[in-house]
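Undergrad: First the structure, which I've put down as structure tokens, then a few questions once you've had a look.
The values are calculated or read from the model by the stated rules, or taken from the named source; none is laboratory data. Because the structure is predicted, anything quoted here is derived from the model rather than measured. Neighbour counts run over all protein chains shown; Cβ positions are idealised from the backbone, glycine included. In case anyone asks, the SASA skips ligands and DNA or RNA and just uses the protein heavy atoms, side chains included. Shrake-Rupley method; radii C 1.70, N 1.55, O 1.52, S 1.80 Å.
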Amino acid sequence: MEITKDTSGDLLEMRLTGALDNASSLHFREAIDEVTRDGWHRILVDLTNLSYISSAGINALLSASKRIKTLKGQFGAHSPPAAVAKVLRLTKLYDVLIFDPADFRTDDVSASLVINVDSKRFSQNRAIDLELYSLPDSEPITCSVFGRPETLHQPQPGNGKLHTVSFGSRSFGLGVGALSADVEAGENGLGEIMAMAGAIAQSASETGLLPDYSVARGEFVPSADLLYGVKLEGDYSSLVRFQSADPDATVKLSNLLHACLEEMSYETAAVAILADCSGLLGAQMRRWDRSPSNDDPFSVPSIRDWISYCPEHSHEHKLALVVGIFTRQYDALPENLKAFLRPLDDDQSAGHFHAAVFPYQPLKKRTIDLHEFIGGLFDTSEIQEVLHLLQDSRPTRGEAESEFKSGACWLEPLDFSLMTEVL
């Protein structure tokens, strides 16, 4: 069977020629997987030249229809020849799969799925192809900084105060803390915390376990007890869709951040990313122990007692949700924010990012409602990991860091006058 493709706006049309049987249905399923991975969520299949269809072929069409519907897209077929139409009617699936192509092409289902934008432009920066959108009706993001990172390894109990912080639907955040308030009794209470549009996830305390999470439902607003961290609340004003200009290359996290801030003329920004992973490089805290010690907790072998780190990329072909803060002007930051960020690829670049990992889901093209998408992730998928992302600049490694194939990046510049500190 031969498959040809044509596009018009956000509609992809596929024309099938030949027989759709058990053997060729595998080819069709692979084609659907490829186009959905590329972001096509409105698909119309032309059956005019289909000579035969078996039950395996029908199942392939049904499977594609169900997959697209889970992505809140639209799928249909049209113009089956008489023999194929007869089989579809006998199986009671004609009305399920067959649409009038004229009605399908004019049915603007994307109107409710694509958020409004004030402007759109294209650019290429650092070998990354960018679609840049300015989002309307955004409120500036406020930033609250809780605690100080140095308290993590201070043995005096009073220096390890926990801050109970709630995260509603317009909140994002990250830090070290716990979903459970009862963390004083054991070593494994704390971990990497990541809050995302009404959901909070905490890294697993033991290898082989899944992260825990809490999601806003009804009047319930989840909270976490932070040893230190930041809470960002408000709206992102910019959305950037990205992919490498070279189809065989990947997009490094630092290059993406520099490119986005350069294009938007931001110096420091709150950032959220949804991306198809090429590989993540990160670490997790496995044990929290504030007992007195003369050892530097960041020296070898002490660091191995409380940090889990894999020097190789992980989670290839997974979906990553990344939240954090990035700056190109570290010296201009308030001191409390300086303590929270980590140096990156030059003297003035710094950031702090946590990533939640999910099974791969394709992202529809152009604009995405971030809050709606995140809600769907926790309703329909399983969070697999929460990581603190790292840049490994050891001479033997070069500049190793997390890398992506493509995705979407939301940004909002930080106004330091809207920043508060809670010690």
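Undergrad: Restricting to the stretch 313-366, and then to whatever is free of Cβ contacts under 8 Å to residues at least 24 places away in the same chain and either within 17 Å of the chain's Cα centre (by Cα) or crowded, with 18+ Cβ neighbours inside 10 Å (or both), can you tell me which residue is nearest to residue 405 (Cα to Cα)?
TA: Filtering first and then ranking leaves 341.
Undergrad: Another one. Answer yes if at least one residue in the stretch 253-265 is part of a strand (DSSP E or B) and of a type outside the set (Gly, Ala, Ser), and no otherwise.
TA: no
Undergrad: Restricting the stretch 33-68 to residues that are charged (D, E, K, R) and over 20 Å from residue 102 (Cα atoms), which is surrounded by the most Cβ atoms within 10 Å (Cβ to Cβ)?
TA: Result: 67.
Undergrad: For the stretch 59-76, how many residues meet the condition of being over 23 Å from the mean Cα position of the chain (by Cα) and within 20 Å of residue 13 (Cβ to Cβ)?
TA: Going through the stretch 59-76 one residue at a time, the tally reaches 8.
Undergrad: Pick from 61, 20: which is among the hydrophobic types (A, V, I, L, M, F, W, C) and more than 17 Å from residue 104 (Cα to Cα)?
TA: Result of the check over 61, 20: 20.
Undergrad: Looking only at the stretch 403-423, count every residue that is farther than 21 Å from residue 256 by Cβ, open to solvent by 40 Å² or more (accessible area, probe 1.4 Å) and not small (Gly, Ala, Ser) and tell me the total.
TA: So the answer is 7.
Undergrad: Same structure, new question: Check the stretch 391-402 and report whether any residue there is surrounded by fewer than 16 Cβ atoms within 10 Å (Cβ to Cβ), within 22 Å of residue 339 (Cα to Cα), modelled with pLDDT of 90 or more and among the charged types (D, E, K, R).
TA: No; the residues of the stretch 391-402 include none that is surrounded by fewer than 16 Cβ atoms within 10 Å (Cβ to Cβ), within 22 Å of residue 339 (Cα to Cα), modelled with pLDDT of 90 or more and among the charged types (D, E, K, R).
Undergrad: Can I ask one more? Find all pairs meeting these conditions: Cβ atoms under 9 angstrom apart; at least six residues apart or on different chains; first residue within the stretch 405-416 and more than 18 Å from residue 242 (Cβ to Cβ); second residue open to solvent by 20 Å² or more (accessible area, probe 1.4 Å) and aliphatic (A, V, I, L, M).
TA: Final answer for the pair search is 413/264; 416/332.
Undergrad: Would you say residue 101 is in contact with a strand residue (DSSP E or B) (Cβ under 6 Å, 6 or more places away or on another chain), surrounded by 13 or more Cβ atoms within 10 Å (Cβ to Cβ) and at pLDDT below 90?
TA: So residue 101 passes the test.
Undergrad: In addition: Hey, can you tell me all the residues within the stretch 375-390 that are at pLDDT 90 or above and either open to solvent by less than 40 Å² (accessible area, probe 1.4 Å) or closer than 23 Å to residue 257 by Cβ (or both)?
TA: Residues satisfying the conditions are 383, 385, 386, 387, 388, 389, 390.
Undergrad: Filter the stretch 25-75 for residues that are within 27 Å of residue 359 (Cβ to Cβ), at pLDDT 90 or above, out of contact with any helix residue (DSSP H, G or I) (no Cβ under 6 Å at 6 or more places or on another chain) and of a type in the set (S, T, N, Q) and give the result.
TA: 59, 63, 65, listed by residue number.
Undergrad: Here's something else I'd like to know. Which ones in the stretch 184-217 are at pLDDT 80 or above, among the charged types (D, E, K, R) and open to solvent by 30 Å² or more (accessible area, probe 1.4 Å)?
TA: 212, 217
Undergrad: Among the residues of the stretch 48-71, count how many are of a type in the set (Gly, Ala, Ser), assigned to a helix (DSSP H, G or I) and more than 11 Å from residue 25 (Cβ to Cβ).
TA: Selection size over the stretch 48-71: 1.
Undergrad: A follow-up question, please. For the stretch 69-89, how many residues are under 30 Å from residue 376 (Cβ atoms), loosely packed, with under 14 Cβ neighbours inside 10 Å and charged (D, E, K, R)?
TA: 1
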